[in-house]
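Peer 1: Dumping the structure here so I can ask a few things about it.
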């Protein structure tokens, strides 16, 4: 499965980007392989990318919780807030079996932003919807989720994506 096939079938991207933007994003994404037991992201670590799982499974753990809080598999995404805002990772994600993922980093998304100035606003709307869904799913405020207002989130994303590393 190509990076384009992955991003065009991932609602996080497909619900926000048009086909031309998806192609630009996919051209700058990369496929990563993780062995069972490998740490994909570590809680509180800096992060500037997100992952879409293509195959395999991973467990999500949060320091403040006992045991696994979620299991991710094909189609799951992780790290979206770090990609968009540069915020530290909210959880540790560990592959429980060999795992393949498409990684989209800040520079890949910045290429699309340069071509589409309205992109930030579209992502803010999608993130706010996703936060409401997660809150409903867990019966309250989902662990570790950033809770800025619309304008603050828009400014945070715009500022982060427009800065160079």
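Peer 1: Any chance the range 16-28 includes a residue that's in contact (Cβ under 8 Å) with a residue 40 or more places away in the chain, under 14 Å from the mean Cα position of the chain (by Cα) and crowded, with 17+ Cβ neighbours inside 10 Å?
Peer 2: Taking every residue of the range 16-28 in turn, at least one turns out to be in contact (Cβ under 8 Å) with a residue 40 or more places away in the chain, under 14 Å from the mean Cα position of the chain (by Cα) and crowded, with 17+ Cβ neighbours inside 10 Å.
Peer 1: Of all residues being part of a strand (DSSP E or B) and modelled with pLDDT under 90 in the range 69-95, which is nearest to the chain's Cα centre (by Cα)? Just the residue, please.
Peer 2: Result: 70.
Peer 1: Same structure, new question: Kindly indicate the residue of the range 1-29 that is touching a strand residue (DSSP E or B) at 6+ places or on another chain (Cβ under 8 Å) and in a loop (DSSP other than H, G, I, E, B) and also farthest from residue 110 (Cα to Cα) among those meeting that condition.
Peer 2: 1
Peer 1: Just one of the numbered conditions (1) over 19 Å from residue 106 (Cβ atoms); (2) without any contact (Cβ under 8 Å) to a residue 60 or more places away in the chain is not true of residue 69; which one?
Peer 2: It fails just one condition, (2).
The values are calculated or read from the model by the stated rules, or taken from the named source; none is laboratory data. In this text, all values refer to a predicted model and were calculated from it rather than measured experimentally. In this analysis, Cβ positions are derived from the backbone assuming ideal geometry, glycine residues included, and neighbour counts consider all displayed protein chains.
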